[in-house]
Structures are given as structure tokens and as C-alpha cells.
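The structure appears right after this line, and notes come after that.
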Amino acid sequence: MARWLISAIPALAVCVAAHAVETIQASAMLGMLEEENRLDAFRNMDKIFPVKVIERSENPFQFKESLRDMSEVEFEWQGSNATIGSFLEKTVTTALVVVKDGTIMFEHYALGNTRESNATSMSVAKSFTSALIGIALEEGLIKSIDDPIEKYVPELKDSGYAGVTIKHILQMSSGIGFSEVYDDQTSDIILMMGQMAGGKSIVEYAAALESEETPGTKFNYASIDTNVLGMLLENVTGKSPAKYLEEKIWKPIGMESDATWATDNHGNVLTFAWLNVTARDFARFGHLYLNEGRWGSEQVVPEKWVNESVVPGEDYLKLTDHYVPGWDIGYQYQWWVPESDEGEFTAIGVWGQYIYVNRIQNLVIVKNSVDPDFDMRDMETIAAFRAIGRALK
């Protein structure tokens, strides 16, 4: 499957700086995905990329706690039984937080990560970007997601994005020519990262892309689409997406820790990935979406937007068997939607990052990992999450 990757780049030694960096540390960025580097890199992205800081709330929300050991909970996958404990070990999990009915029921950290560690989101960041689009729409900064993107981002008027609607970009059906392939060093995602490492602006990169398909007809997962949404947010709000996130979500829902969001060398937030957050704060965001965008008495993300974001809007977005046989997860506005009757949806990032929401079970699960076999694990991971939910009924 293709969500975001640069694994084809040869191994490079990662030298993680001991202080904040002002420019992308090219050798560290290009080597951060190698097995010997991932653990350290995934909790130290602010030493590899320049970042925008998202400041914590002065009044942090605290979940209730009723902790129990769930490591012996069993689930079945492809005819074999496994336990949650063995699954966490097999998938090189660094954090797992389970929140049921607003109460943390299980919390697990490993391999050097702790409750205070900022784990990188990978493409889980895309779901945060989607929430900000919904807020900007509600505030009237965006008139309609059926508007063409160049109405708000004139930098793209001569690119392949000309005439493409915001909605089709949200649905990864922009038609833009962009390949996100794991084992091809000529893949666009790899070339884009190499150019960023060399100092090129991601805005400049997006403006040079061309169209290959009719927009709104075919799903093609392209991380650059989410960065175009970031360009949209910056233009309509006059703020970086990181600042907008801080003002509209981070502080209103009581996030307890500072987060960081990676940028290119020109200060453009890379809204498709590398939002660096503690596991409990990831869980707070999941809890916000579990409650249809409400936090207490405040509607933080519009309810209509939340509900529309997690139901595939077209048949071509249902994606049955799309990546591998048995794949049963559709797509809508930067969220993945398993086929079920439990109101499930999930943010997913490569190497095993998840924010899973199950509305019927009133359940949120956050998983951070450095799983080398993540590519085949999504359905198995959802099976494990469902087993946790059943065990807590």
C-alpha cells in the first residue's frame, strides 16, 4: 500500500542533534527510517526537522483512570490465536493507550518511550489537518469545499491542481501525478523528500506538479495533497497550521503537553506528517472525534464535518481489496473507515501509528510503533483493537 514512505533510500547514519535545528538535517532525515535509527528518530523529529511549537493548555484535561492488565486478552487472526501482549511485542509498539467511556483502561510504554515522549504521527497528521479544514469552513474562511483550490491558493493556478476542488483533494482523488511507492527510488514521494532535504520549498514543489487523471474519479493516495490543504489553511487563516491547531483545538480541549510540527527550510508546515505528540494527547484528539467534535459544552470541530469526514462519499472510496486481499478500509476526508456496523474510523500512519475510534463501544485506542512489517498489519491491528473493545464490554 502507499501512504508515505522513503524506505528505498540507502541507509545513512543518523546523528540526532542535541538542540533544536534551523534547517532539515539532510543525512538524518534520509536515514531516519532505517531499522537502527527509527526508535530514536521517531521520538526526536524536532532534532531532524525545524518545527513549529504547539503550546499546551494552561488547564489540561485529565482522563479518569482505571488501569488493568490487558496483555493476556486474546484475539484471532487468520486462523491463529494471539494475545495483545504478544501482538504489541511483534509490532514493536512503543505506546498503547486505551480509553473507554472517557477512562484510561490500559496504558503501555516500551523501548524507551514514556508518557512524556512526543511520538511522531507520520500520516496520522492528515486527520488533524482535516479537522482544521472543517473549522476554517465553519468560520467562513473557506466558502465551500466544492470551490477550486486556486481560488484560495493562487500559487497553484498554473499547476496540475488548477480546477481541482478542495473536496477531491480531501478525498485523495485530485488526479495529480504523484506516485507514493515503497521500493522505487524514482517514486515522487522519494524525489520530493530528496528535494526538501536539498532546501526546496514544498510550495514550489506542489506548484510544479501536473495532472494525470480526471479529478474525483480515482483514489490515489498522495501525501502532497495534504500539504496543499496546509497551503490552503495558511492562506485563508493568515497563520501557520500549527498556530491554528494550537488556537482551535490544542488549548480548547486541554492538551497537557507541547507538541511540534515539522516544517521545510522555508517555514512551511509539512501537514501530511511529523506532528509530534504524546500518546495521551493523541487520545484526547480521538476522544474529540468520538464525541462528534464536542468538548464539554463547546463544539470545537463542527459536528457535520466530523460525521461527513468518516463515511466514504463515493463508491470508488470504499477500497475493498485495494492494497491487499482482505483489505476492508475505505477513505473519506483524510480518515480511514473500516467496513463495520460499529461506527469505526481510524487515522493511520506508516510504521504503525493509529488513532482508532469505535463509537458503539465508546472507545479510543492510540498506538505508536516502529513496526518494520506495518505494511501488512492494518487489518490485524483493527482485529486486535476490536478484541480490546470486546474485553472491556
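The values are calculated or read from the model by the stated rules, or taken from the named source; none is laboratory data. Everything numeric in this text was worked out from a predicted model, so none of it was measured. Cβ sites come from the backbone with ideal geometry, for glycine too, and all protein chains shown count toward neighbours.
Does Thr271 qualify as being closer than 21 Å to Lys47 by Cβ, among the hydroxyl-bearing types (Ser, Thr, Tyr) and assigned to a loop (DSSP other than H, G, I, E, B)? So Thr271 fits the description; yes.
Only one entry of Glu380, Glu342 meets the criterion of being at pLDDT below 95 and touching a strand residue (DSSP E or B) at 6+ places or on another chain (Cβ under 7 Å), and that entry is Glu342. Across region 22-42, the qualifying residues are those that are part of a loop (DSSP other than H, G, I, E, B) and crowded, with 17+ Cβ neighbours inside 10 Å, and the one among them that is modelled with the lowest pLDDT is Leu33.
Only one of the numbered conditions (1) at positive phi; (2) at pLDDT 95 or above is not met by Leu319, and that is (2).
More than 19 Å from Ala119 (Cα to Cα) and in contact with a helix residue (DSSP H, G or I) (Cβ under 6 Å, 6 or more places away or on another chain), is that true of Ser71? The answer is yes for Ser71.
Of the listed requirements (1) outside any helix (DSSP H, G or I); (2) surrounded by 18 or more Cβ atoms within 10 Å (Cβ to Cβ), His266 misses just one: (2).
The residue that is nearest to Lys157 (Cα to Cα), counting only those in region 216-248 that are of a type in the set (Gly, Ala, Ser) and within 17 Å of the chain's Cα centre (by Cα), is Gly230. Being over 23 Å from Asn81 (Cα atoms) and either among the small types (Gly, Ala, Ser) or assigned to a strand (DSSP E or B) (or both) holds for only one residue in Val357, Val366, and it is Val357.
Looking across Val277, Val301, Val306, one residue alone is touching an Asp or Glu at 6+ places or on another chain (Cβ under 6 Å), touching a residue at least 60 places away in the same chain (Cβ under 8 Å), hydrophobic (A, V, I, L, M, F, W, C) and within 27 Å of Lys100 (Cβ to Cβ). It is Val306. Among the residues of region 199-258, those identified as at positive phi and in contact (Cβ under 8 Å) with a residue 24 or more places away in the chain are Gly199, Gly216, Gly254. Regarding region 161-179, can at least one residue be identified that is at pLDDT below 95 and more than 16 Å from Ser130 (Cβ to Cβ)? Yes, some residue in region 161-179 is at pLDDT below 95 and more than 16 Å from Ser130 (Cβ to Cβ). Residues of region 369-393 that are in a helix (DSSP H, G or I) and charged (D, E, K, R): Asp375, Asp378, Glu380, Arg386, Arg390.
Filter region 197-232 down to the residues that are in contact with a Ser or Thr (Cβ under 6 Å, 6 or more places away or on another chain) and not in a loop (DSSP other than H, G, I, E, B), then identify the one that is surrounded by the fewest Cβ atoms within 10 Å (Cβ to Cβ). My answer is Ala207. Residues in region 292-348 that are part of a loop (DSSP other than H, G, I, E, B), surrounded by 14 or more Cβ atoms within 10 Å (Cβ to Cβ) and of a type in the set (A, V, I, L, M, F, W, C): Val300, Val301, Val310, Val311, Leu319, Trp327, Trp335.
Take Ser86 and decide whether it is crowded, with 21+ Cβ neighbours inside 10 Å and of a type in the set (Gly, Ala, Ser). Answer is no for this residue.
With respect to (1) among the aliphatic types (A, V, I, L, M); (2) touching a strand residue (DSSP E or B) at 6+ places or on another chain (Cβ under 6 Å); (3) surrounded by 19 or more Cβ atoms within 10 Å (Cβ to Cβ), the lone exception for Leu111 is condition (3). Here Val124, Val98, Val164, Val153 are screened, and the one residue that is surrounded by 21 or more Cβ atoms within 10 Å (Cβ to Cβ), over 17 Å from His287 (Cα atoms) and in contact with a strand residue (DSSP E or B) (Cβ under 9 Å, 6 or more places away or on another chain) is Val164.
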